Amino acid sequence: WNLDRSDNGRARAVQSGRLETYDLFCGAGGFTTGAEAAGYDVVFACDMNEEALETHRRNHPHTRHMQCELPHAELPLPSDGRPYHLHASPPCQKFSKVNQKGRKEGDKDHAGRMVEWYIDYALASTATSWTMEQVARPDVVAIVERKRLLSNRAFTYAVFDFEELGVPQTRRRLIAGSPRLVARLLRARETER
């Protein structure tokens with residue numbers, strides 16, 4: 001499915017053979033670029049940062065964009081039963097060791113609440129599959145593990161060195177989401193070395 005905007009700019013679902021994907025906290029579009037290269041159809045992206053969203057819009061003009069602050073926005077996820085993938089990269093700068101000077105009291109707690117909110121949101125959604133990318137700091141791993149146990153292990157996570165997956169960067173990231181997808185990444189890491 002994808003969104004056809006030929007009808008006076010209004011979106012309507014049409015079958016395309018590519019899985020419809022929604023990118024929350026999209027930033028400038030790293031996930032969207034990778035998802036499209038992998039054969040997904042990113043139909044929606046949102047972020048509260050106007051400059052990042054404008055960069056995303058220029059690089060992905062076919063995607064519907066929305067500037068909003070999560071979790072307060074109502075998102076246009078499908079409600080008609082069609083399959084879709086949900087992805088989020090909640091802001092990680094407040095967890096970073098590098099950003100300690102710019103951090104205000106409460107910033108790290110807010111970032112943790114965004115991770116928790118997204119996991120709850122993804123689990124409650126009707127998404128066929130979902131993923132979340134986040135820094136692999138011990139405090140983030142603790143939040144994700146607690147949410148995993150509270151959900152009766154409805155999702156899983158793993159920590160990856162992205163360069164082992166063929167991504168041209170040397171960052172360690174936590175990927176959480178649908179167990180089948182995380183298992184595929186673990187297999188890819190082992191076979192792609």
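The values are calculated or read from the model by the stated rules, or taken from the named source; none is laboratory data. Worth saying up front: this structure is predicted, and the values here are computed from it rather than measured. Neighbour counts run over all protein chains shown; Cβ positions are idealised from the backbone, glycine included. Heavy atoms of the whole protein, side chains included, go into the accessibility calculation; ligands, DNA and RNA do not. Shrake-Rupley method; radii C 1.70, N 1.55, O 1.52, S 1.80 Å.
A few remarks follow.
- Cross-chain or 6+ apart pairs with Cβ under 6 Å, the range 171-193 first and farther than 19 Å from VAL115 by Cβ, then open to solvent by less than 20 Å² (accessible area, probe 1.4 Å) and outside any helix (DSSP H, G or I): LEU186/ALA158
- Inter-residue pairs, beta-carbon under 7 Å, first among the acidic types (Asp, Glu) and in the range 26-49, second assigned to a strand (DSSP E or B) and open to solvent by less than 60 Å² (accessible area, probe 1.4 Å), 6+ apart: GLU36/VAL42; ASP41/ASN2; ASP41/GLU20; ASP41/THR21
- Here the condition is being modelled with pLDDT under 90 and either within 17 Å of the chain's Cα centre (by Cα) or farther than 24 Å from THR21 by Cβ (or both); of VAL98, VAL135, VAL141, it holds for VAL98 alone.
- Members of the range 28-50 that are of a type in the set (Asp, Glu) and within 23 Å of PRO71 (Cα to Cα): ASP47, GLU50
- The residues in the range 117-160 that are surrounded by 16 or more Cβ atoms within 10 Å (Cβ to Cβ), in a helix (DSSP H, G or I) and either in contact with a Gly (Cβ under 8 Å, 6 or more places away or on another chain) or not hydroxyl-bearing (Ser, Thr, Tyr) (or both) can be counted, and the count is 8.
Yes/no matrix, rows are residues, columns are (1) open to solvent by less than 20 Å² (accessible area, probe 1.4 Å); (2) modelled with pLDDT under 95; (3) not in a strand (DSSP E or B):
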| position | (1), (2), (3) |
| --- | --- |
| SER6 | no, yes, no |
| VAL42 | yes, no, no |
| CYS46 | yes, no, no |
| GLU54 | no, no, yes |
| HIS72 | no, yes, yes |
| PRO76 | no, no, yes |
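- Residues that are touching a helix residue (DSSP H, G or I) at 6+ places or on another chain (Cβ under 7 Å) and of a type in the set (A, V, I, L, M, F, W, C) within the range 166-183 comprise LEU174, ILE175, ALA176, listed in sequence order.
- Tally, over the range 161-170, of residues that are of a type in the set (Ser, Thr, Tyr) and open to solvent by less than 40 Å² (accessible area, probe 1.4 Å): 0
- Here GLU163 fulfils each of the conditions (1) touching a Pro at 6+ places or on another chain (Cβ under 8 Å); (2) in a helix (DSSP H, G or I) apart from (1).
- Applying the criterion of being surrounded by fewer than 20 Cβ atoms within 10 Å (Cβ to Cβ) and either over 20 Å from PRO83 (Cβ atoms) or charged (D, E, K, R) (or both) to the residues of the range 16-27, the residue that is farthest from the chain's Cα centre (by Cα) is ARG18.
- Filtered by the rule that a residue be in a helix (DSSP H, G or I) and within 23 Å of ARG137 (Cβ to Cβ), the range 166-193 gives PRO179, LEU181, VAL182, LEU185, LEU186, ARG189.
- Residue check, HIS65 within 16 Å of the chain's Cα centre (by Cα), closer than 21 Å to GLN134 by Cα and not in a loop (DSSP other than H, G, I, E, B): no
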